[in-house]
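A short worksheet on the structure shown next.
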Amino acid sequence: MLTRRHLLKGMAGAVPAWYLSRLEGLAHPKAPLVAGEPMATGKFKPTWESLAQYQVPNWYSDAKFGIWAHWGAQCQPEDGDWYAREMYDEGSGKYKFHLQKYGLQSKFGFKDVIHEWKADKWNPDQLLNLYQKAGAEYFVAMANHHDNFDNYDSKYQSWNSTRLGPKKDLIGGWAKAAKKHGLRFGVSIHAAHAWSWYETAQRSDKAGPYAGVPYDGKLTKADGKGTWWEGYDPQELYAQNHALSEGSANTSSIHKQWEWGNGASVPSKEYCEKFYNRTVDLINKYGPDLVYFDDTALPLWPISDAGLRIAAHLYNSNMKRHGGKLEAVLNGKVLTPEQQKCMVWDIERGQSNQIEPYVWQTDTCIGSWHYNRQIYDKNEYKTPKTVIHTLADVVSKNGNLLLSVPVRGDGSIDEKETAIVEGIASWMAVNRESIFGTRPWSVFGEGPAIESAAPLNAQGFNEGKGKPFGAEDVRFTTKDNALYAIVMGWPTDGKVRIKTLRSGNTALKHTVNKVELLGQSGGLSFTPTGEALEVTLPDRKPTDYAHCLKIT
């Protein structure tokens, strides 16, 4: 029977020597792979070469805009991202917040935050109705985060939302609402990293009256007698029955170990197989159109082939549900050019600076990923203008935008977020034809912002680092026989000058016959010159944020 080491040696793609050498030191490195959820068979095999047969489905190429509910138990405290990790980092902001709100981490850990999470104001139908009006063509819900809590009826994880916390099938509710409102449905999966992400829960205070008293990260099922969590094993949630990663005392060290290198503690075979089973169970139960992985390439790669098997299962099972046609989308991060053939490249909080050969996606958020009350109080949300500018820029480069609207612990969004979504909806009502179903032109745009664009960093993270868009910045899209020029501001003199459309430019293969402004009837006066196509705008703007010229 093949061992995991043999499987890794036979996989396509480089498996680092550091992992193969460390694998020799595991307790049972040659134990056979554990059977579990069967992988759907078909066209795709669990290898990079086989996954490279993937073709992006038309629905996703046309969709352009999705909205994401990055919502889970870590939204309950309303203190922002990575709460369940950083609440155990003594002296940090989240540590102090937790101490004040809930008490000592050794007595009230993240498992207890889950217990307080009730989601009593969650109305998925109401939210999906709002998002559909804002132009979203697909909706993504978080199935689990690095906190390892499943937001669905999970066969393999007792710590899930149907048993604890809300005691509701959240993914099931989101999926039903998405179907009702005609949106494609996706799930985001982040739990592969719980193994190292929760290592802070193994700590204890270094100072004060509770110095040396362990936090709750090493508790076991036997410790729960007489508690609310009696019968549940905290190790099923925290997964901390292992040695710490090298440098674990430095909370930020996880970032350089995200790909399971640089001294990261290597997850056990049982952990990897459980992740595979949980994820395949999720896919089988809810049949998502899109699966988003918050991992480099695929989850647990290169230390396990679990992610490859999940990808093959997703594609094969999706084809069977659709009569042999592949309708599934799989998002992965930090992909090599070869891996970009196997799935859709996702850039976190950033944008490509060129037209990409394959359809890709930007994911970003109007606030922090998990709801943060401070952002609300300080009015620090992204504006509709910023969202629309990002959307136009991304679509002009062959991308989609997945926008997270943070959800409060109770399942609602606040009135400031509602206003932002409504602002996007008002723009879409007039200008959506310049976005949906379009394709890139021969160039993506022009203007001063191009020269100041920041390069990508790791997963992305170049958002907002360049010059803000203004009236001289234009982004192009095409559909049928129309060219759309999305102008990122209203020029003070009432004239748009598009240099790319100047007379004699080889990028313009046809004569401009008509220029219209979406939201206004009739054509506009225009003059082609050797410097630019000069278009005279009307006295009043039909919409805010950006203005779409339809050129035929």
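Can you tell me which residue among Gln126, Gln132, Gln100 is surrounded by fewer than 23 Cβ atoms within 10 Å (Cβ to Cβ) and in contact with a His (Cβ under 6 Å, 6 or more places away or on another chain)?
One residue alone meets the criteria, Gln132.
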- Message: Is it the case, given these coordinates, that Gly323 is touching a helix residue (DSSP H, G or I) at 6+ places or on another chain (Cβ under 7 Å) and surrounded by fewer than 22 Cβ atoms within 10 Å (Cβ to Cβ)?
- Response: no
With the first residue restricted to region 195-212 and required to be closer than 24 Å to Lys274 by Cβ, and the second required to be charged (D, E, K, R) and in a loop (DSSP other than H, G, I, E, B), Cβ contacts under 7 Å at 6 or more apart or on different chains are Thr200/Asp89
Could you go through region 491-505 and let me know if any residue there is within 28 Å of Cys365 (Cα to Cα), in contact (Cβ under 8 Å) with a residue 12 or more places away in the chain and either among the polar types (S, T, N, Q) or outside the structural domain of Trp360 (by TED's automatic domain parsing) (or both). no
**Prompt:** Out of curiosity, is Ala297 surrounded by fewer than 23 Cβ atoms within 10 Å (Cβ to Cβ), touching a Ser or Thr at 6+ places or on another chain (Cβ under 9 Å) and among the aliphatic types (A, V, I, L, M)?
**Reply:** yes
Exactly one of Asn505, Asn457 is over 22 Å from Glu433 (Cβ atoms), polar (S, T, N, Q) and exposed (fewer than 15 other Cβ atoms within 10 Å of the Cβ), and that residue is Asn457
Inside region 179-204, the number of residues satisfying the requirement of being touching a Leu at 6+ places or on another chain (Cβ under 8 Å), of a type outside the set (A, V, I, L, M, F, W, C) and not in a helix (DSSP H, G or I) is 3
Per the filter on region 230-283, residues among the polar types (S, T, N, Q) and without any contact (Cβ under 8 Å) to a residue 60 or more places away in the chain are Gln235, Gln240, Asn241, Ser245, Ser248, Asn250, Ser252, Ser253, Asn262
Exception for Arg85 within (1) of a type outside the set (S, T, N, Q); (2) buried (at least 24 other Cβ atoms within 10 Å of the Cβ); (3) not in a helix (DSSP H, G or I) falls at (3)
The correct count of residues that are more than 17 Å from Tyr102 (Cα to Cα) and either of a type in the set (Gly, Ala, Ser) or not in a loop (DSSP other than H, G, I, E, B) (or both) in region 39-82 is 19
Output for Cβ contacts, cut-off 6 Å, separation at least six or different chains, first residue at negative phi and outside any loop (DSSP other than H, G, I, E, B) in region 125-146, second crowded, with 24+ Cβ neighbours inside 10 Å and charged (D, E, K, R), reads Asn144/Asp150
Taking region 294-321 and keeping only residues that are hydrophobic (A, V, I, L, M, F, W, C) and part of a loop (DSSP other than H, G, I, E, B), one is left with Ala297, Leu298, Leu300, Trp301, Ile303
Check: Yes or no: Lys94 in contact with a helix residue (DSSP H, G or I) (Cβ under 7 Å, 6 or more places away or on another chain) and without any contact (Cβ under 8 Å) to a residue 40 or more places away in the chain?
Finding: yes
Would you mind stating whether Lys341 is within 27 Å of Thr386 (Cα to Cα), modelled with pLDDT of 95 or more and of a type in the set (Lys, Arg)? no
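Can you go through Lys176, Lys167 and tell me which one is farther than 22 Å from Val344 by Cβ and part of a loop (DSSP other than H, G, I, E, B)?
Of Lys176, Lys167, the one residue that is farther than 22 Å from Val344 by Cβ and part of a loop (DSSP other than H, G, I, E, B) is Lys167.
Can you tell which of Ser352, Ser412, Ser368 is in contact with a helix residue (DSSP H, G or I) (Cβ under 9 Å, 6 or more places away or on another chain), assigned by TED's automatic domain parsing to the domain that holds Asp294, among the polar types (S, T, N, Q) and more than 30 Å from Lys167 (Cα to Cα)?
When all the criteria are applied, what remains is Ser352.
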Looking across region 103-123 at residues that are part of a helix (DSSP H, G or I) and among the acidic types (Asp, Glu), the single one that is surrounded by the fewest Cβ atoms within 10 Å (Cβ to Cβ) is Glu116
Among the residues of region 506-552, the number that are of a type in the set (Ser, Thr, Tyr) and touching a residue at least 12 places away in the same chain (Cβ under 8 Å) is 5
Reported set for region 260-293 where residues are assigned to a helix (DSSP H, G or I) and aromatic (Phe, Trp, Tyr) is Tyr271, Phe275, Tyr276, Tyr286
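The values are calculated or read from the model by the stated rules, or taken from the named source; none is laboratory data. What you see is a predicted model; the values in this text were computed from it and never measured. Don't worry about glycine lacking a Cβ; one is built from the backbone with ideal geometry, like all the others, and counts go over all protein chains shown.
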